[in-house]
Amino acid sequence: PYALEAPVARRQPEILEIIDACYSNGAQVAAMTGSGSAVFALFNEQAAPRAAKGLQRPGWLVLVSRTLSRRESTRRIGL
C-alpha cells in the first residue's frame, strides 16, 4: 500500500473494496490516487471493457481510458 492508502482506507473501507474488485476483474495494478478521491487500475487493452462491466456498482463511476504515447500527447497539445 502507498503512504496515504492505509489511513484513508481505515476511514473509507470502500477504497480497499474497489481495489480488490479491480484485481478480481483482472487488473495488473490497482491503487488509490492522491488523497483518496479515486482509484485507478491498469488492465491490458483487450480486458479493459470487460473489466469495466464487471466493476459496475451503484455509486461507482467506472471509466475506461488509454495511455497516450509521448508522441500522441505532444501532437494533441500542439507542441
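Structure data summary
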item	result
Boolean, Leu68 is in contact with a strand residue (DSSP E or B) (Cβ under 6 Å, 6 or more places away or on another chain) and not basic (Lys, Arg)	no
Tally of residues being among the hydroxyl-bearing types (Ser, Thr, Tyr), within 19 Å of Val64 (Cβ to Cβ) and either at pLDDT below 95 or in contact with a Cys (Cβ under 7 Å, 6 or more places away or on another chain) (or both) across the range 12-53	2
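The values are calculated or read from the model by the stated rules, or taken from the named source; none is laboratory data. Because the structure is predicted, anything quoted here is derived from the model rather than measured. Virtual Cβ from ideal backbone geometry, glycine too; neighbours counted across all protein chains shown.
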